[in-house]
Every structure is written in C-alpha cells, then in structure tokens.
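The structure appears below as structure tokens.
The values are calculated or read from the model by the stated rules, or taken from the named source; none is laboratory data. These numbers were taken from a predicted model, which means no experiment stands behind them. FYI the Cβ positions are ideal-geometry reconstructions off the backbone, even for glycines, and counts take in every protein chain you see.
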2 protein chains.
Amino acid sequence: MYQNLHNNLLFKELKYSKFFSDRMHGIPRSFIREILKVAICNDIISFAGGLPNRDIFPVKELQESTQKVFAIGGKDIFQYSNSEGYLPLREYIANRYYDKLNIKISPDQILITSGSQQGLDLVGKVLIDQSDNIVIEKPGYLGAIQAFSVYKPEFVPIPLYENGIDTFVLRSESDCRDIKLLYAVPDFQNPSGISYSETIRNEVADIAESKNFLLVEDTPYSDLRFNGQSTNNFYKMYPHRTILLGTFSKTVVPSFRMGWIVAPQEIIDKLLIAKQAADLHTNYFTQRVLYQYLTDYNIDDHISKITEVYGRQRNKMVECIQEYLPDGCDYTKPDGGMFLWITLPEGLSSMDLFNLAIKRKVAFVPGNPFYTDGRDRYSTLRLNFSCSNEAAIETGIKRLGEAIMELKQQV
Amino acid sequence: MYQNLHNNLLFKELKYSKFFSDRMHGIPRSFIREILKVAICNDIISFAGGLPNRDIFPVKELQESTQKVFAIGGKDIFQYSNSEGYLPLREYIANRYYDKLNIKISPDQILITSGSQQGLDLVGKVLIDQSDNIVIEKPGYLGAIQAFSVYKPEFVPIPLYENGIDTFVLRSESDCRDIKLLYAVPDFQNPSGISYSETIRNEVADIAESKNFLLVEDTPYSDLRFNGQSTNNFYKMYPHRTILLGTFSKTVVPSFRMGWIVAPQEIIDKLLIAKQAADLHTNYFTQRVLYQYLTDYNIDDHISKITEVYGRQRNKMVECIQEYLPDGCDYTKPDGGMFLWITLPEGLSSMDLFNLAIKRKVAFVPGNPFYTDGRDRYSTLRLNFSCSNEAAIETGIKRLGEAIMELKQQV
C-alpha cells in the first residue's frame with residue numbers, strides 16, 4: 001500500500017481546495033510581485049519598486065554595531081527572548097517620541113513587531129471580525145489591504161485628495177454604518193505621496209471620537225520629510241483610540257524586519273497574546289544589533305542623508321513631469337516619503353499605458369492594486385523616486401511622457 | 001475640545017472590549033510565562049523552561065559567519081527580500097532532507113518562516129475555519145494550541161501513550177466526524193518526550209489516507225536523538241498530504257527565529273500569500289548569516305555536541321527519578337529532545353505539587369496548559385532536562401521527590 005500511495009496518479013488527484021480556509025479565498029494576489037518581475041528585465045528604468053535606496057544603508061555602522069553586540073552580548077543574544085521586545089529598544093522608541101513629538105509613551109505600551117507588516121496582521125487579527133466595516137484610503141496601502149483581507153472585513157474606501165481623505169464622505173459613511181476602525185497613512189502616503197492637513201486630521205479624529213471607532217495610524221515614512229513642518233499626529237491628539245505603527249525599515253534597513261506598535265495598554269495586552277501565537281518574538285539578535293546602532297550613532301544624521309537624496313530625486317521627478325508629460329496629467333507633490341501619484345487624462349487606462357511603457361523600457365505600478373472595488377480600468381499610477389538617480393529619472397519620465405502621447409493617439 | 005479629550009476620566013471610560021475580534025476570546029493565556037516568572041527567582045532549580053542549553057550555542061562560529069556575510073554580502077543583505085526565503089538556504093534544507101532521510105523535496109516546496117511558531121500560525125490561517133475538527137495530541141504542544149486557537153477550531157484531543165497516539169480512538173473519532181487535519185510531534189514530543197513507533201506512524205497515516213485529512217508533522221526535536229534509530233516520517237510516507245514543519249531553533253540558535261514549512265506545491269502557494277500578508281519575509285540578514293554558518297561548519301558535528309550533553313542529562317534525570325521519586329510515579333524515557341513527562345500517583349494534583357515544590361526551590365510545568373479540555377486537576381507534569389547540569393538535576397529531583405511525599409501525606 002505504501003508504494004501504491006506514491007503513485008503519481010493518486011498524488012495528482014488529491015484536491016487541496018477543500019482544505020483551504022474560507023478566509024484565504026478573498027486575498028488579493030500579489031499584483032506588484034508580477035509587475036516587479038517585468039520591471040527588473042533588460043535595462044528597464046523602474047519607478048515600480050517600493051524599496052529604500054540601498055546606497056544609503058549604514059552598512060559600516062551596522063557592522064560595527066554587530067561586532068559590539070558580539071563583544072558585549074554573550075550567549076544570551078542567541079536565546080529565546082520575551083514577546084514584547086527588547087526593553088532598551090522600546091525605551092529608545094518611547095524616548096524618541098518624547099524628544100521629537102513631545103508624546104509621553106510608556107515602553108509597556110510598545111510592542112516590537114517583525115516589520116510593520118506584522119503590526120498590520122496583528123491589528124487585523126485582534127480587531128477585525130468578518131464583515132466589520134474598515135475605513136481605508138482610496139487609493140490605499142496594498143500591504144494593509146492584504147493583511148486585513150485575511151480577516152474578511154467590509155472595506156469602506158474613502159477618496160483621498162491633496163490634503164487627506166474626504167471627511168464629508170467619511171462622516172456620511174460613519175452615519176449610516178458602524179465603523180470598527182479607520183486605517184490611514186497620514187504622512188507621505190503610499191501610494192499617493194499626499195499628507196493630511198492639520199484640519200483634516202482634526203476632522204477625522206473628531207469623527208472617530210463621536211462615532212467611537214479606532215484610528216490605526218501607520219507612519220513608515222513620517223521621518224522622511226524633506227519639505228515643510230511636521231504636523232500633529234492622531235496618537236498625540238487621541239492616544240486612547242489610536243494604534244500607532246512604526247518601522248525602522250525606511251530609516252535604518254528593511255531586511256531586519258523591525259517595526260513596532262504603540263497602543264492603549266488593554267489593546268497592547270491583546271496584541272501581545274496574538275504576537276506570541278504568531279512567532280513568539282521578533283528576532284532578538286537583530287533587535288540587539290539595531291539597539292546598539294541607535295545608541296552608538298545619531299539616527300537623525302542618517303535620516304538627513306536619506307531625505308537629502310530623496311528630496312533631490314523628488315524635485316527632479318516633479319521638474320521632469322512638468323517638462324515631459326503631456327497636458328492633462330495631474331500629479332502630487334510630496335513633501336516626503338518615496339512615492340508620487342499620477343492621474344492620467346480622463347479615459348486613459350494605466351494598465352494600457354504600462355504595456356506601452358515597458359516597450360519603451362520604463363516601469364511603474366498601475367493604480368489597480370491600491371483599490372478594493374475590483375474594477376480593472378484606472379487612470380492612476382504610482383512612481384517611486386527613492387531608488388533612481390536624477391539622470392535615470394530624466395530619461396525614465398521622458399519615456400513615460402512618450403508612452404502617454406502614444407496612448408492618447410490610440411484612444 | 002482637544003484638551004478635553006486628554007481628560008483622564010474619558011480615557012478610562014473608553015471600553016476596548018467592544019473592539020476586540022471574536023477570535024481573541026478563546027486564546028489560552030500564557031500559563032507558562034507566569035510559571036517561568038516564579039521559576040527564575042531565588043536559587044530555584046528550574047525544570048520548567050523549554051529552552052535549548054545556551055552553553056552549547058556556536059557563538060564563535062556565528063560571529064565568524066556574520067563577519068563573512070558582511071564581507072561578501074554587500075548592501076543587499078539589508079534590503080527587502082522575497083517572501084519564500086533565501087534560495088540557497090532552501091536548497092540547503094532540501095539537500096539535507098535528501099542526505100539524511102532520502103526524501104526528495106524541491107526548494108520551491110519550502111517556505112522559510114519566522115520560527116516554526118509562525119509555521120503553525122500560517123497553517124492555522126490557511127487551513128482552519130471556525131469549528132473545523134483538528135486532532136491534537138493529549139497532552140499537546142502549547143504553541144500549536146495557542147496558534148490554532150486563534151482560528152477557533154474544535155480540538156479533538158487523542159490520548160498519547162508510550163508509542164504514540166491512540167489509533168483506536170483516532171479511528172473512531174474520524175469515523176464520526178470530518179477531520180480537517182491532525183497535528184503531531186512524532187519525535188520526542190513536547191511535552192511528553194515520547195516518540196511514535198513505526199506501527200503507529202503507519203496506522204495514523206493510513207487513517208489520514210482513508211479519511212482524507214492532512215497531517216501536520218512538527219519536527220523541532222527530530223535531530224536531537226541520543227538513543228536508538230531514526231524512524232520513518234509522515235512526509236516520507238505521504239508527501240501529498242503532509243505539511244512538515246522544521247526549525248533551526250534547537251540545532252543552531254532560537255533568537256534568529258528561523259524555521260521552515262515543507263508542503264505540496266498548492267499548499268505552499270497559499271502559505272506564501274499568508275506569509276506575505278503576515279510579515280513580507282523573514283529577517284533576510286539573519287537568513288544569510290545562518291546559511292553562511294551552515295555552509296562553513298558541519299551542523300551534524302554541532303548536533304552531536306548537543307545530543308551528548310542532553311543525553312547525559314536525560315540519563316541522570318531518569319536515574320534520579322528512579323532513586324528519589326516515590327512508588328507510583330510513572331515517567332517517560334525519551335530517546336531525544338528536551339523533555340520528560342511524569343504522571344503522579346492517582347489523585348495527586350500537579351498544581352498542588354507545584355506550590356509545594358516551589359517552597360523547596362524546584363520548578364516544573366504542571367500538565368494543565370497542555371490539555372484543551374479545560375479541567376484544572378491533572379496529575380501530570382513536564383520536566384526539562386536540556387538546561388540543568390547533572391548536579392542540579394540530582395538536587396532538583398531529590399527536592400521534587402520530597403515535595404511529592406509531602407503531597408501524598410496531605411491527601
């Protein structure tokens with residue numbers, strides 16, 4: 001019988017679909033992965049990625065921090081650790097919030113996560129029941145859409161404009177249904193690059209307060225400001241109903257997968273149970289290396305280097321858009337972060353544009369995956385400016401402009 | 001209004017329970033964390049932990065591997081990486097299965113996870129719907145109970161004996177209900193230390209085949225054999241219906257959180273989507289360090305060091321149990337792993353014993369958390385032998401014997 005079961009025929013006849021949980025049916029496939037596969041071929045200038053610029057990684061500093069951890073850490077840097085995360089690292093994060101934003105947070109209210117993507121998953125796990133109404137931005141961050149989709153919510157997408165989400169629509173949506181939480185990236189949003197104005201922040205928080213829902217404030221790019229002044233954040237205004245997500249992926253390095261969640265104690269306690277069940281704790285060795293780096297070096301000096309480069313590249317991209325893109329293309333002018341958002345003239349599809357652009361050896365992410373309403377024609381697209389130098393930006397945007405002209409002539 | 005909302009009264013009046021998802025209500029609290037807190041105080045000899053022995057960690061080797069990764073890895077060791085895991089690491093794992101167990105696995109069928117705890121969470125996420133019948137061992141591994149509980153299954157606990165689970169009960173349970181999957185730790189099980197006989201393995205797999213359910217085979221301790229011969233595994237017998245979980249936590253170091261899942265391609269594809277939503281990918285820097293270590297050193301030499309120590313300590317513990325524990329105490333005699341399981345004479349509660357033992361400065365884990373039927377009186381307990389040297393084992397088991405005598409007199 002044992003041999004029999006190795007029989008290829010039997011093997012192939014086993015149907016796995018009956019074993020899969022309902023929750024896995026609605027998860028969006030990774031559209032961006034497919035796009036990126038195309039984008040890494042043959043001399044293509046890619047604005048499709050979402051990566052920080054590897055040339056600015058503090059490699060030497062991290063090497064020294066790692067050596068120091070080996071020297072002072074002893075054997076315990078390799079043992080199991082607690083689920084909350086390394087206490088000195090949580091203290092560092094708390095102190096930084098106090099120094100930068102004048103927010104008092106206890107280290108006990110901070111949970112170290114395996115990147116802020118895990119923060120999103122834990123938030124979904126702990127808070128979202130099937131069919132709960134979850135407000136997201138339209139267009140919204142793909143990683144959050146994926147993480148939350150697993151828990152089968154009803155997404156309530158609210159249009160995003162230059163100064164934040166449409167609070168009129170938010171108010172009317174929250175009048176006619178019970179909202180569980182609102183997810184937002186208020187600073188230099190992914191994919192749009194826009195930031196919420198002080199007024200919009202106040203209005204959103206006011207609606208959350210009156211309608212009693214939670215705010216999930218995701219801040220991966222908040223430190224990467226190259227223009228203007230830092231604004232208020234939801235956590236500072238409404239600490240009792242805000243879950244604040246942060247990460248070192250954009251300010252130090254992504255491969256460490258080091259993020260954190262700040263939340264009211266009762267919520268952190270639940271998140272901690274979920275964290276334990278999810279992976280026991282985040283890589284402790286790397287928590288120690290990161291903490292050593294943060295202690296031995298000034299992260300703000302490093303962030304200045306990043307924003308200097310990204311700011312220059314963003315300026316170049318905006319200039320080139322003005323120069324090379326045909327009339328009728330709208331675009332955002334981010335004050336920080338890594339992305340910029342283009343809206344094509346009415347009637348042009350960014351998916352159609354993608355095919356023409358690839359022929360001209362320039363890539364971007366069409367708007368589609370950032371929407372949850374499942375249409376297949378959008379006129380929007382995301383451009384990344386953190387990973388291309390100014391010469392590549394000039395050539396790439398010029399090609400993009402030519403592709404748009406070609407598309408206009410076809411329509 | 002803004003100041004007003006900072007008002008402590010309002011803050012305290014906000015009730016968070018209405019926000020929590022249903023799935024978080026049934027999760028067992030971390031009983032073991034509480035136990036461990038007691039166990040680290042004041043000269044207590046603790047058999048309560050579940051940690052590998054830190055004195056055997058290959059610190060120097062890992063330091064050299066890390067330096068090498070810095071030297072040859074360049075900036076990309078710090079960039080985002082793919083969700084599947086570092087390909088050479090997956091190839092290493094595949095080759096090792098071939099060399100050790102003569103099992104052919106494609107690296108594409110391997111997914112690197114953030115410890116095998118994440119493997120459990122992903123398996124739960126992808127396969128378990130509410131009220132699905134999930135067979136677990138009784139007593140069963142706590143981490144799996146926690147991870148699966150989030151997805152609200154119906155646990156079907158099957159008694160565990162010296163040679164594996166009770167296949168008569170398994171057969172009758174699977175006759176009267178639809179089983180989704182069976183979770184087992186067939187080698188040196190946690191908490192019991194027992195291993196499945198060849199006969200039981202065949203019977204279990206045979207039942208899975210005839211009743212069409214999946215086998216989740218967790219193998220954290222399988223390499224840590226100090227007695228006897230390696231036996232067959234479920235994956236080798238039934239690759240088409242087995243999900244195999246592995247980890248480097250017990251053979252290299254736990255703080256890296258490096259585990260893996262092997263499964264049929266269609267299942268891996270779903271797990272990969274869940275992995276992406278859960279944390280994008282496992283710490284890539286540490287994947288590179290681990291791979292370097294595995295390439296530059298012979299892990300089997302290192303495993304020999306571990307099993308030599310654990311085997312000696314296990315022998316000492318068995319000797320001391322025979323010498324110091326009163327008649328009527330039953331115990332397992334593991335051929336590997338880190339744990340041994342005691343059954344007290346009829347009527348004695350291991351929770352009552354815990355309190356007496358702590359007074360005598362010896363700690364263990366009472367059986368309670370390893371059962372899913374929610375009773376509070378069990379006569380079983382888990383002893384860890386990986387972290388105590390022979391002198392500590394002698395003193396500790398002597399104290400335990402005295403505590404059992406005291407308990408017997410009280411009853």
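Specify which of the listed residues (B:358, B:393) is at pLDDT below 95 and either outside the structural domain of residue B:186 (by TED's automatic domain parsing) or β-branched (Val, Ile, Thr) (or both). Spell out how you get there, then give the answer.
Numbers: B:393 fails: at pLDDT below 95.
Answer to the selection: B:358.
Considering every residue within region A:373-382, establish whether at least one is closer than 21 Å to residue A:190 by Cβ and free of Cβ contacts under 8 Å to residues at least 12 places away in the same chain.
So in region A:373-382, the residues closer than 21 Å to residue A:190 by Cβ come out as A:373-375, A:378-382.
Going one step further and asking which of them are free of Cβ contacts under 8 Å to residues at least 12 places away in the same chain, we end up with A:374-375.
Yes, there is a match, as at least one residue in region A:373-382 is closer than 21 Å to residue A:190 by Cβ and free of Cβ contacts under 8 Å to residues at least 12 places away in the same chain.
Of all the residues that make up region B:42-93, how many are at the interface with chain A (Cβ under 7 Å from one of its Cβ atoms), buried (at least 21 other Cβ atoms within 10 Å of the Cβ) and at pLDDT below 95?
1
Going through region A:231-251 one residue at a time, which ones are β-branched (Val, Ile, Thr) and part of a loop (DSSP other than H, G, I, E, B)? Quick ask: steps written out before the conclusion?
If we filter region A:231-251 for residues that are β-branched (Val, Ile, Thr), which is where we start, we get A:231, A:242-243, A:247, A:251.
Correct list: A:231, A:251.
Restricting to region A:236-246, and then to whatever is of a type outside the set (A, V, I, L, M) and crowded, with 24+ Cβ neighbours inside 10 Å, can you tell me which residue is farthest from residue A:84 (Cα to Cα)? Step through it out loud before you land on a result.
Within region A:236-246, the first condition is being of a type outside the set (A, V, I, L, M), and the residues that meet it are A:236, A:238-242, A:246.
Filter again for crowded, with 24+ Cβ neighbours inside 10 Å, leaving A:241, A:246.
Numbers: A:241: 21, A:246: 15 Å.
Among them, the one singled out is A:241.
If the requirement is being in contact with a helix residue (DSSP H, G or I) (Cβ under 9 Å, 6 or more places away or on another chain), over 25 Å from residue A:386 (Cα atoms) and assigned by TED's automatic domain parsing to the domain that holds residue A:184, which of these qualifies: A:215, A:224, A:290?
Going through A:215, A:224, A:290 in turn, just one is in contact with a helix residue (DSSP H, G or I) (Cβ under 9 Å, 6 or more places away or on another chain), over 25 Å from residue A:386 (Cα atoms) and assigned by TED's automatic domain parsing to the domain that holds residue A:184: A:215.
Take residue A:14 and decide whether it is modelled with pLDDT under 95, more than 30 Å from residue B:289 (Cα to Cα) and within 7 Å of another protein chain (Cβ to nearest Cβ). Quick ask: steps written out before the conclusion?
Numbers: modelled with pLDDT under 95: yes; more than 30 Å from residue B:289 (Cα to Cα): yes; within 7 Å of another protein chain (Cβ to nearest Cβ): yes.
Here the answer is yes, as residue A:14 does meet what is asked.
Which is of a type outside the set (A, V, I, L, M), free of Cβ contacts under 8 Å to residues at least 24 places away in the same chain and surrounded by fewer than 21 Cβ atoms within 10 Å (Cβ to Cβ), of A:178, A:206? I'd like the intermediate steps shown before the answer.
Working: A:178 fails: free of Cβ contacts under 8 Å to residues at least 24 places away in the same chain.
Selected residue: A:206, the only one of A:178, A:206 that is of a type outside the set (A, V, I, L, M), free of Cβ contacts under 8 Å to residues at least 24 places away in the same chain and surrounded by fewer than 21 Cβ atoms within 10 Å (Cβ to Cβ).
Within region B:290-309, does at least one residue satisfy the condition of being of a type in the set (S, T, N, Q), more than 25 Å from residue B:103 (Cα to Cα) and more than 9 Å from chain A (Cβ to nearest Cβ)? Quick ask: steps written out before the conclusion?
The first filter runs over region B:290-309 and keeps only residues of a type in the set (S, T, N, Q), leaving B:292, B:295, B:298, B:304, B:307.
From what's left, more than 25 Å from residue B:103 (Cα to Cα): none.
No: zero hits.
Out of everything in region B:353-381 that is part of a loop (DSSP other than H, G, I, E, B) and over 29 Å from residue B:224 (Cβ atoms), what residue ends up being farthest from the chain's Cα centre (by Cα)?
Looking at the filtered set, the residue picked out is B:360.
Looking at region A:382-398 only, could you name the residues that are assigned to a helix (DSSP H, G or I) and either in contact with a helix residue (DSSP H, G or I) (Cβ under 7 Å, 6 or more places away or on another chain) or crowded, with 22+ Cβ neighbours inside 10 Å (or both)? Working first, answer last.
We begin by selecting, within region A:382-398, every residue assigned to a helix (DSSP H, G or I); these are A:390-398.
Within region A:382-398, A:390, A:393, A:394, A:396, A:397, A:398 meet the criteria.
Being buried (at least 23 other Cβ atoms within 10 Å of the Cβ) and farther than 23 Å from residue A:15 by Cα narrows it down to one of B:164, B:119, B:124, so name that one. Break it down stepwise before answering.
On the way: B:119 fails: farther than 23 Å from residue A:15 by Cα; B:124 fails: farther than 23 Å from residue A:15 by Cα.
Answer to the check: B:164.
Out of (1) over 17 Å from the mean Cα position of the chain (by Cα); (2) in the same structural domain as residue A:77 (by TED's automatic domain parsing), the odd one out for residue A:316 is which?
So the condition that residue A:316 fails would be (2).
From the list A:76, A:99, exactly one residue is farther than 12 Å from residue A:288 by Cα and of a type outside the set (Ser, Thr, Tyr). Which is it? Full working, then the answer.
Numbers: A:76 fails: farther than 12 Å from residue A:288 by Cα.
Just a single option satisfies the conditions, and that option is A:99.
Of all residues in region B:253-279, which are within 7 Å of chain A (Cβ to nearest Cβ), of a type in the set (Gly, Ala, Ser) and part of a loop (DSSP other than H, G, I, E, B)?
Selection gives B:255 alone.
If you go through region A:161-189, how many residues are at positive phi and either touching a strand residue (DSSP E or B) at 6+ places or on another chain (Cβ under 6 Å) or among the charged types (D, E, K, R) (or both)?
First, pick out the residues of region A:161-189 that are at positive phi: A:164, A:188.
From what's left, either touching a strand residue (DSSP E or B) at 6+ places or on another chain (Cβ under 6 Å) or among the charged types (D, E, K, R) (or both): A:188.
Of the residues in that region, 1 qualify.
Tell me the residue from B:197, B:131 that is surrounded by fewer than 18 Cβ atoms within 10 Å (Cβ to Cβ) and closer than 28 Å to residue B:313 by Cα, please. Don't jump to the end; show me each part of the working.
On the way: B:131 fails: closer than 28 Å to residue B:313 by Cα.
Checking each option against the conditions leaves just B:197.
Which residue, of B:286, B:282, is within 14 Å of chain A (Cβ to nearest Cβ), of a type outside the set (Asp, Glu) and out of contact with any Phe, Trp or Tyr (no Cβ under 6 Å at 6 or more places or on another chain)? Step through it out loud before you land on a result.
Details: B:286 fails: out of contact with any Phe, Trp or Tyr (no Cβ under 6 Å at 6 or more places or on another chain).
B:282 is the lone residue from the list that is within 14 Å of chain A (Cβ to nearest Cβ), of a type outside the set (Asp, Glu) and out of contact with any Phe, Trp or Tyr (no Cβ under 6 Å at 6 or more places or on another chain).
Residue check: is residue B:323 under 30 Å from residue B:99 (Cβ atoms) and surrounded by fewer than 19 Cβ atoms within 10 Å (Cβ to Cβ)?
Details: under 30 Å from residue B:99 (Cβ atoms): no; surrounded by fewer than 19 Cβ atoms within 10 Å (Cβ to Cβ): yes.
Criteria not met by residue B:323.
Hey, could you check region B:116-161 for residues that are basic (Lys, Arg) and under 18 Å from residue A:277 (Cβ atoms) and say which is nearest to the chain's Cα centre (by Cα)? Give the derivation first.
We begin by selecting, within region B:116-161, every residue basic (Lys, Arg); these are B:125, B:138, B:152.
Applying the additional criterion that residues be under 18 Å from residue A:277 (Cβ atoms) yields B:125, B:152.
Numbers: B:125: 18, B:152: 20 Å.
Only one residue tops the list, namely B:125.
Counting just the residues of region B:94-121 that are farther than 22 Å from residue B:240 by Cβ and of a type in the set (D, E, K, R), which one comes out farthest from the other protein chains (Cβ to nearest Cβ)?
Among those residues, the one meeting the criterion is B:99.
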